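Rule-based calculations on the coordinates, nothing more; no lab input. Note that this is a predicted model, so its numbers are computed, not measured. Neighbour counts run over all protein chains shown; Cβ positions are idealised from the backbone, glycine included.
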Amino acid sequence: MGGLEQSVFPYLVLAGFISAPIVFFSLFFVTAPYGRHGRTGWGPTINSVTGWVIMESVAVIAFGGFFIIGTGGGGGVVWVFFAMWQIHYVHRALIFPFRMRSSGKRNPVAIVLMAIAFNVYNGYLNGRYLGTHADSYDTAWMTQPCFVVGVLLFFIGMAINIHSDQILFRLRQAGKRGYRIPFGGMYRFVSCPNYLGEILQWTGWAIATWSLPGLVFAVWTAANLVPRARTHHLWYRDRFPNYPAERKAIVPWFY
């Protein structure tokens, strides 16, 4: 990194840690207006599939671009990190949205723009850090407990995320409309196992990279998804009188 960028970078990281709790507490009072919680009053809208592809593709491009222009030389370990990131976001950008069966639903452009802004910021922090500090991750890093545990947690989280989404997709097969109670997999324990899986993924990322940018992403993921899981959980309980009482919102047996 150049001198100016190097001096500014820590403040961008700090901004992530400061803004995360603000987002966390705000989402307990303001429900994000998309999906089942969609409503008017948020300005122009865009087809939900189109919006999803755009905002998630930004994460692929931003991280990849900032990673590749790094000056760290690049060893095998950072390319493992590169692959982990891109596997997740290519799936989220080019596979997941076309399986949502959104039936022409629309999301506010404002929400898409906020997601794009975060993905550029997050892609810059993590891509630039890993690309620039690639030499810090030598081959021996792959034997470190943090790498082994982090990568394992990342892929466990991804498996939970994808499997939970698959259960939701099956509920909305052709000819079946409306919302129903999901069963199976981690839905036995929580209302939003897909969110739980994503939190596990990026917690694993933070552990595997052992970096402050990685930690910013993990904290932001939890700050965004925990209150949203609570909103989903309360929505289920309000809509379905027979909703399983033993289920928690996002943390099994706890919350």
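Worth a mention:
- Gain on full stretching of the segment that runs from W235 to W253 - 0.36 nm per residue minus C-alpha separation: 4.6 nm
- In the chain, one over the average inverse separation of all distinct C-alpha pairs is 19.3 Å, which is the Kirkwood hydrodynamic radius.
- Structure-based [θ]222 nm, the chain - -39500 (n - 2.57) summed over DSSP H runs of at least 4, per residue, nearest 500: -22000 deg cm²/dmol
- Applied to segment 159-168, the Karplus parametrisation 6.51 cos²θ - 1.76 cosθ + 1.60 on θ = phi - 60° returns per-residue 3J(HN,Hα) values of 4, 4, 4, 5, 5, 5, 4, 4, 5, 5 Hz, with x for Gly and Pro.
- Per-residue Cβ neighbour rank within 10 angstrom, fewest leading, Y89, Y11, Y243: Y11, Y243, Y89
- Computed over the alpha-carbon atoms, segment 102-170 gives an Rg to Rh ratio of 1.13, Rh here being the Kirkwood radius from the mean inverse distance.
- The H on the amide N of R106, modeled in the peptide plane, is under 5 Å from the matching H of S48, each at least 5 residues off or on a different chain.
- When the Cα positions of H232, L212, I160 are compared along the charge dipole of segment 144-255, H232 comes out farthest toward the positive end, with charges on each C-beta of Lys, Arg, Asp and Glu.
- Every Cα-Cα pair in segment 144-255 was counted, and those over 18 Å apart are 53% of them.
- Each peptide in 55-67, 15-27, 112-124 gets a packing score, the mean of other Cβ atoms within 10 Å over its residues, and the list from highest to lowest is 55-67, 112-124, 15-27.
- Over all orientations, segment 31-137 has a Cα convex hull whose mean projected area works out to 7.0 square nanometres.
- J(HN,Hα) series, segment 205-210, from Karplus relation 6.51 cos²θ - 1.76 cosθ + 1.60, nearest Hz, glycine and proline x: 4, 4, 5, 5, 7, 6
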